[in-house]
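Here is the structure we will look at, set down as structure tokens.
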Amino acid sequence: MPNSSYFEPQAPAPGLMKIDCTFKPAGTGAPTGLTGKGVASVSRTGVGVFRLVLSTAYAALISGQVTLMLNAAGSEVAELAAEDVDGSTPYVDIRIVDKSAGAAADVAAHANNRVMVSLTLRNTSSWS
């Protein structure tokens, strides 16, 4: 593996923070392999639903993107389901949906299966 240096991600604009993370779904089990700064934990809260607990509270969620990396082609998509980033336990919920079934679905455990998340949050109460 090359020995590379990377700078910390920069805020996209003053008053904003970007958080990127990834984790491995494990079917009906607890997700594993959480990596990335700014997320304290990830848990499975229901069929196809995961809760990312953030390390700190923010004033608002500005944007978010969820991408699935799957070992086999399928009809699953990922979406943001709920958020409370300014609460005492700030979180963002992610839902995996099987489009062919029209319902939330678990993703099997596999070394190549990952959920990748990118969030942009406002970290000040005023934003200009």
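Values quoted throughout were computed directly from the atomic coordinates according to the rules given, and no laboratory measurement underlies them. Worth saying up front: this structure is predicted, and the values here are computed from it rather than measured. Every residue, glycine among them, receives a Cβ derived from its backbone with ideal geometry; neighbour counts consider all protein chains shown.
For the chain, modelled as a GNM whose springs connect Cα atoms under 10 angstrom apart, the maximal fluctuation among V53, V77, V92 occurs at V77. Here r is the Cβ-Cβ distance between M69 and S125 and R0 is 22 Å; the resulting FRET efficiency, rounded to 0.05, is 0.05. When the Gaussian network model of the chain links Cα atoms closer than 10 Å, the mean-square fluctuations of P31, P14, P90 top out at P14.
The mean sequence separation of alpha-carbon pairs under 8 Å and at least six residues apart, normalised by the residue count of the chain, gives a relative contact order of 32 percent. Farthest towards the positive end of the charge dipole of the chain, among the residues A111, A13, T28, is the Cα of A111, using unit charges on the Cβ of Lys, Arg, Asp and Glu.
Note on the chain: with charges restricted to the Cβ of Lys and Arg (+1) and Asp and Glu (-1), its dipole about the Cα centre is near 180 debye.
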